[in-house]
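The values are calculated or read from the model by the stated rules, or taken from the named source; none is laboratory data. Note that the structure is predicted; figures quoted are calculated from it, not measured. All Cβ positions, even for glycine, are placed from backbone atoms using ideal geometry, and neighbour counts span all protein chains on display.
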Amino acid sequence: MPDIFDTPNKQKVRKELWVPCFEEIILDLQKRKRFKRAFRYLCLPGPNSICVKHLLDNSIINGSTYIVGIEKTYGVVPQIQDFFSSHFKYGNNFVYLGTFQKLIRENQKFRNKFPFDIAELDISGSFLSITEENGNFVYIDALQRFLSRQAVNCDTNPFRIRRFYLIITSNIEGGFIPPEYLSPYSEDLTSFIKEEILMPYRDRLDHPSFNSLLEKESPDERETNLIAILGINLKIINFGSQNFIIKLNNNPYCYRGRRGGAKMVSLTYICERIRPTHGTNRNMLNFRGRVTNNLIQSLDLVFDTIFLPEPES
């Protein structure tokens with residue numbers, strides 16, 4: 001059985017969707033005459049640091065890259081640390097034990113490593129999971145905290161980061177929704193997403209394909225996948241936009257890493273730093289208009305999601 005983190009479908013997603021983000025942002029930085037700092041990269045590398053190795057092998061990043069890794073399994077951390085320390089400069093590589101959502105909430109040392117030029121959040125959980133305690137979306141809440149910290153540190157010298165790339169991978173079949181949220185929909189996750197997440201956007205976006213999907217009573221498998229992807233995408237763009245204008249950068253990729261594995265989606269975003277929107281009504285309207293335009297543009301990209309073939313083994 002192949003490494004679950006390095007299956008043919010996952011390799012295709014990295015090559016066609018993720019790598020261009022690295023190439024674009026690094027090229028953009030290199031064009032700046034005053035660009036003298038290290039490229040800053042946040043990742044969830046996994047036990048074998050596969051994506052990091054690919055980027056190094058193809059000279060997309062190098063030993064001067066400032067890299068911060070997150071790993072939730074205690075026994076895997078030393079393996080990642082050994083790899084990082086042997087490939088990146090001392091003082092430019094760090095590995096933190098924990099989950100993304102817990103570290104961004106509780107670990108000040110981790111938060112001090114911000115900002116990043118690219119954040120690769122390859123999470124096995126679902127961005128639509130809800131906490132039982134307060135009803136918040138677990139990863140959306142963590143992403144908002146992440147963007148707030150990015151905003152604070154982006155504005156400090158010597159960084160002055162005005163835009164960065166965000167790579168999100170999420171499970172679209174699982175996740176945890178408390179029973180009291182699902183019970184009105186006969187425990188059906190798709191119905192919950194349609195009514196609670198997508199329907200409030202209907203009048204605002206008025207998109208033909210979006211409206212048609214919402215009206216479908218019995219969506220097929222592809223449409224069910226699209227409903228979940230739309231829910232994740234709209235949450236990210238709309239709820240993460242207090243400090244950044246967030247734009248879906250390319251068609252999402254939907255895939256299984258291995259037969260019987262979870263169905264995943266990978267999405268890439270450009271996040272552009274904005275100034276506080278308080279002030280004139282005109283500024284507020286301009287801001288809301290830009291967010292709405294990005295939401296509508298993202299619908300076209302999501303409806304053209306690239307569905308990779310089911311794995312053979």
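Looking only at residues that are in a loop (DSSP other than H, G, I, E, B) and among the polar types (S, T, N, Q) in segment 208-249, which one is nearest to the chain's Cα centre (by Cα)?
The extreme case among them is 249.
Cβ-Cβ contacts under 8 Å between residues 6 or more apart (or on different chains), taken from a first residue in segment 197-223 that is farther than 22 Å from residue 140 by Cβ to a second residue that is part of a loop (DSSP other than H, G, I, E, B) and at pLDDT below 95, are listed as 223/216.
Scanning for something under 19 Å from the mean Cα position of the chain (by Cα) and over 22 Å from residue 25 (Cα atoms), does segment 156-171 turn up at least one residue? Looking for residues that are under 19 Å from the mean Cα position of the chain (by Cα) and over 22 Å from residue 25 (Cα atoms), one finds at least one in segment 156-171, hence yes. The residue pairs whose first member lies in segment 250-267 and is free of Cβ contacts under 8 Å to residues at least 60 places away in the same chain, whose second member is hydroxyl-bearing (Ser, Thr, Tyr) and surrounded by fewer than 18 Cβ atoms within 10 Å (Cβ to Cβ), and whose beta carbons are closer than 8 Å, counting only pairs six or more residues apart or on different chains, are 259/313. Here is a check on your reading of the model: is residue 128 under 20 Å from residue 43 (Cβ atoms), of a type in the set (A, V, I, L, M, F, W, C) and surrounded by 15 or more Cβ atoms within 10 Å (Cβ to Cβ)? Answer is no for this residue.
Here is the figure for segment 12-52: residues that are modelled with pLDDT of 90 or more, surrounded by fewer than 15 Cβ atoms within 10 Å (Cβ to Cβ) and more than 17 Å from the chain's Cα centre (by Cα) total 1. Of everything in segment 154-190, what is crowded, with 17+ Cβ neighbours inside 10 Å, of a type outside the set (Val, Ile, Thr) and outside any strand (DSSP E or B)? Give them in sequence order. Once the filter is applied, which keeps residues that are crowded, with 17+ Cβ neighbours inside 10 Å, of a type outside the set (Val, Ile, Thr) and outside any strand (DSSP E or B), segment 154-190 yields 154, 175, 189. Take the conditions (1) without any contact (Cβ under 8 Å) to a residue 40 or more places away in the chain; (2) part of a helix (DSSP H, G or I); residue 148 misses just one of them, which is (1).
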